[in-house]
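The values are calculated or read from the model by the stated rules, or taken from the named source; none is laboratory data. Everything quoted here is computed from the prediction, not taken from an experiment. FYI the Cβ positions are ideal-geometry reconstructions off the backbone, even for glycines, and counts take in every protein chain you see.
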Amino acid sequence: MRYALLGDIHSNIEALQAVLADAKGQGIDRYVSLGDIIGYNASPRECLEIVRAGNFLVVRGNHDHYCANLKQDLSDFHAGAAAAVLWTREQLAADDLEYLRTLPMVLSIDDFIIVHATLDNPELWNYTFEAADTEAHFASQSTKLCFNGHTHVPLYFDRRAQILCSSYNKLDLHEFRKYLVNVGSVGQPRDGDPRAAYAIYDQEKHNVELRRIAYDYTLTQDKIKQAGLPERLATRLAIGR
Ligand code: ZN
């Protein structure tokens, strides 16, 4: 099986379409979303429609959670993110909100597991930027391989060696090691590279490939401005921050 893993799509339909066009030529058997389908950008309905129609295997991200649970207090969010959550709530149908509300926090798929943040207390939405951030996570990871998102920075952690590899093109999975692989973000990369990120896990070849796909983010920026969302959500797309 070959899995395409898409993290943090964040209502960016242009980036999502570019990623799916690339994935089409890659012999993908199954599509996986690591959460945060919506939030920040201006095409939440279109992105949800693709994910739902494509039967993606999905876990819940913090933006999915906060958009769908209308009574959730947004004080943990930065002003721009909170404004986008409030705007997104208005765009979605009751059926979409119900879909987001009932997404699982953790999902086992085949020989791997997926979560938006970390396996220990996934509802706390912890960030994994450094090896020290992953200790409690790895104590909860029984599978060899786990994929996550949330930081919008593609990197992976190898538990045994405690190595943080901040950029990878192809990761060959060692049989006796445990990995946490962050696939980066489709719709709002934050590693200084504005191209959309996604990963392909090839089960037979035991490897994970990170792919970066250029797309026309000026269209996304125009939609953000037209929607009246904060300007900064548009400008950051050009610099990948
Ligand atoms: Zn996110």
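Output the residue which, of all residues in segment 44-66 that are aliphatic (A, V, I, L, M) and either closer than 17 Å to LEU20 by Cβ or within 11 Å of the ligand (Cβ to nearest atom) (or both), is nearest to the chain's Cα centre (by Cα). Across segment 44-66, the extreme among qualifying residues is VAL58.
Here segment 1-43 is the region considered, the condition is being surrounded by fewer than 24 Cβ atoms within 10 Å (Cβ to Cβ) and polar (S, T, N, Q), and the residue that is nearest to the ligand (Cβ to nearest atom) is GLN17. Summed over segment 118-169, the residues that are acidic (Asp, Glu) and modelled with pLDDT of 95 or more give a count of 2. Set side by side, the residues LEU74, LEU100 differ, and just one is touching a helix residue (DSSP H, G or I) at 6+ places or on another chain (Cβ under 6 Å), within 16 Å of the ligand (Cβ to nearest atom), part of a helix (DSSP H, G or I) and touching a residue at least 12 places away in the same chain (Cβ under 8 Å), which is LEU100.
Residues in segment 220-230 that are surrounded by 12 or more Cβ atoms within 10 Å (Cβ to Cβ) and either free of Cβ contacts under 8 Å to residues at least 24 places away in the same chain or in a helix (DSSP H, G or I) (or both): THR220, GLN221, ASP222, LYS223, ILE224, LYS225.
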